[in-house]
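Bear in mind these aren't lab numbers, they're just calculated from the coordinates by the rules spelled out. Bear in mind that the values here come from a model prediction, so they are computed numbers and not experimental data. When we count neighbours, we look across all protein chains shown, and the Cβ atoms used for this are built from the backbone with ideal geometry, even at glycine.
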């Protein structure tokens, strides 16, 4: 079986549009969780979020398409453009069936949806946009990207809350292994409209601090919930042999291992133990044909609540045993908030950029790690060779996913 | 790929016209229709006022009051259909004999908890008055409504499924794609048993309004029972439906070892995109034909071996032409000989759910050797010139059944089911 590799990445994040801008800001340790500006959020429990400032549809798509689509689609289209350019991949230069699209989605085009439900109830059914039926639903981004770029290969939408970015890559891997040479994978989210924020607040896991410094703080003694955020990442995944044949000479990483498990414990409460997350990490490592000793870096889910953080720490300890305190662990999403499926996709990009540059960004907004955790949290950008990265992601309701990235292609 | 193949060992259905697979089968082989004037709300202002509604009682379906309280209707459908399917499979999930780490969940939905999201919005926005909604009125369970993944999480929790779980949301092909995903999980060795299917509960004002806006739904309001008219020359759009179905998809050896009853094998699954338009379809059906041909390749079968085609048959002008062309393109002359029918004529089009409901119909069709008809088919359309099994079910031994779906976003999916022992 040929390896599956990432040949291009595209990023839209609160700390930067484009992978370079995002990466620079992340290494600089800039906090991009800010008071919500899109609307007056003062009546909400959560008032801070990771927003992509100055992100305008007109910079990435024409007005005709912009009125048909939600902000999360604009971000997906922009991230896709970046990724395709980065990979030097031209969909139209090959058989259209040779490229698929598989995106994760947490909550779809919620702002568009709110606007149209508002129109219906305020003004009646004739006020509802002709584009409502195609703009808000979870498949909108996959469909729009397929149409914009002309991809006709197997495509899908995987919904697993925050794990969706990793699961989309897992899905893409199945597609490539069945003979489709390339798949666009990842995901974006844009959940910062009034109604969506109200919905998110109901999960009881978001910070209520109005001060970004005191807000989302993964693994910190003051962990008090997360800040939501918008953006995400798209990657070009290719069969390694096919990529080589088309002349690709720069590959970010191999998708070496993937696994998903479910807590199947409770619709809301975190699992009572870390069994399933541990099993997920171990399975992903084994799937890569590696052992825990081979892992250079863990990109943690870093939920930012004390119970979920403690569970992940336990899972890391169980997975790595006596070496647990020696494996660097980071979670740069503390700088930008949790981007749901977009965030887990983005952390794959973090892992690949860390490999490329031999530098690991710090855990975002971590001031004082919980003393008992006993892990090697990265506190300042750290120069080190990075060859194998384990990326974790979890979704509300008990979803666990892990991916192992490897720099040297097997 | 791996020598691992999958079979269907359990079927559960929540459909308009009767809850449970027996009532469902009875309805769709009788040729009766379950479409009616919308009763869930006053539909007067809407262009389309008909739908196929489920007379569904979640308590009778075995749900607890708290499960009902926290879950949108689409999740309730999933729990009830999954319970029926698991019971039907004979799997004893409370016993150690099933490895729960290898029990997965693959559930589809096109629009998730859209009904609950709209209902709650009315309250938070005070009837659409306030864009800056008042979060103090938010239900404790609004996050579960926001993220449709909550449906798969509920199913996983109820059955202790620790394997991979996901909602597949590819619009109106979700129901086929979720079962196809389950098939792939088994092929790839990631699970031995998958609770797979799809549900949707979209009969709400916003959903009716958004399809009104593009005139996709039928306006045959004076004649609701005959409003869903796939392939008929007088068809004027689809009729909104709701419901869901769950299949227990199991690794063939796993099923054999425990002596399970096998409805059918999943012989092939494929999907493609048309890369053309979010709602429009070209009349040539090229991409759907590609998906169909791929399933035949996977199954190492020739078109002539297909004994029944369960059509998407939504009843929109363009879908039925597109699809007819796809059958001709993929099956050749055999397209004119094989029976083709659309159960949407009886149970409506429940968006993402219908693909799984149709697969439940296909599993039962193979089991009983009966082709369900296309109700309301009266007046041939020159552009739709196949054998659509008008009005009356037909007895026939069914070895290989093809089911297809087509959806907004350009998704085209096909799946091939075969009588046990029939597939390669």
More than 33 angstrom separation, counting every C-alpha pair in chain A; what % is that? 26 percent
Determine the shape class of the stretch A:1-127: with a ≥ b ≥ c the square roots of the Cα gyration tensor eigenvalues, call it rounded for a/c under 1.5, and otherwise prolate if a/b is greater than b/c, oblate otherwise. oblate
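List the equivalent ellipsoid semi-axes of the stretch B:293-424 in whole Å, largest first, each obtained as the square root of 5λ for an eigenvalue λ of the Cα gyration tensor.
Equivalent ellipsoid semi-axes, largest first: 20, 17, 15 Å.
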Neighbour-count ranking [beta-carbon atoms within 10 angstrom, fewest first] of B:131, A:72, A:121: B:131, A:121, A:72
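With all pairs of different alpha carbon atoms counted, what Kirkwood hydrodynamic radius in Å does the stretch B:277-316 show?
On the way: mean 1/r = 0.0835 Å⁻¹.
Result for the stretch B:277-316, one decimal place: 12.0 Å.
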Looking at the square roots a ≥ b ≥ c of the eigenvalues of the Cα gyration tensor of the stretch B:210-258, which shape do they give, rounded for a/c under 1.5, prolate if a/b is larger than b/c, or oblate? prolate
Partner shielding of B:152-162, taken as the mean number of other chain Cβ atoms within 10 Å, equals 6
Output the peptides A:367-378, A:79-90, B:156-167 sorted from most to least packed, where packing is the average of other Cβ atoms within 10 Å over each peptide's residues. B:156-167, A:79-90, A:367-378
For the protein assembly as shown, what's the radius of gyration and Dmax over Cα atoms, in angstrom? 24.8, 76
Please report B:79, B:359, A:31 as a ranked list, fewest other C-beta atoms within 10 angstrom at the top and most at the bottom. A:31, B:79, B:359
So what's chain B giving for Rg/Rh, alpha carbon basis, Kirkwood Rh from the mean inverse pair distance? 0.96
FRET efficiency, residue B:297 to residue B:385 (Cβ-Cβ, R0 30 Å, nearest 0.05): 0.65
Out of every Cα-Cα pair in the stretch B:178-219, what percent are more than 11 Å apart? 71 percent
So the pair-distance distribution of the stretch A:4-245, from every Cα-Cα distance in 5 Å bins, comes to percents of 1, 7, 13, 17, 18, 16, 12, 8, 5, 2, 0, 0
Percent of Cα-Cα pairs per 5 Å bin, from 0 to the last occupied bin, for the stretch B:7-47, please list those. 5, 19, 20, 16, 15, 12, 8, 3, 2, 0
Any idea what the relative contact order of the stretch B:340-424 is, in percent, if you count C-alpha pairs under 8 Å spaced at least 6 apart? 29 percent
State the Kirkwood hydrodynamic radius of the stretch A:259-406 in Å, one decimal place, computed from all pairs of distinct Cα atoms. 15.1 Å
Partner chain coverage, peptide B:74-85 - average Cβ within 10 angstrom: 0
Let me know the volume per residue of the alpha-carbon convex hull for the stretch B:53-193, in Å³. 134 Å³
Mean Cβ-within-10 Å packing, highest first, puts peptides A:92-103, A:174-185, B:59-70 in the order A:174-185, A:92-103, B:59-70
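Based on the Cβ-Cβ distance of residue A:58 and residue B:99, what FRET efficiency does E = 1/(1 + (r/R0)^6) give at R0 = 56 Å, to the nearest 0.05?
Step by step, r from the Cβ atoms, then E = 0.55.
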FRET efficiency for residue A:250 and residue A:221 from the Cβ-Cβ distance with R0 = 41 Å, rounded to 0.05, comes out at 0.50
Note on the stretch A:4-245: contact order normalised by length, alpha-carbon pairs under 8 Å, 6 or more apart, percent, works out to 31 percent
So what is the 222 nm mean residue ellipticity for the protein assembly as shown from helices alone, if each DSSP H run of at least 4 adds -39500 (n - 2.57) and you divide by all residues, rounding to the nearest 500 deg cm²/dmol? -9500 deg cm²/dmol
Normalising by the residue count of the stretch A:282-339, find the relative contact order in percent from Cα pairs under 8 Å and 6+ residues apart. 39 percent
Just for the Cα atoms in the stretch B:363-424, what are the lengths along the principal axes, largest first, rounded to whole Å? 38, 33, 16
For the stretch B:232-276, what are Rg and Dmax over the alpha carbons, in angstrom? 18.1, 51
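Let a ≥ b ≥ c be the square roots of the eigenvalues of the Cα gyration tensor of the stretch B:216-335; is it rounded (a/c under 1.5), or, if not, prolate (a/b larger than b/c) or oblate? Write out the running numbers ahead of the final one.
Values: a/c = 2.29, a/b = 1.46, b/c = 1.57.
Because a/c hits 1.5 or more and a/b fails to exceed b/c, the stretch B:216-335 counts as oblate.
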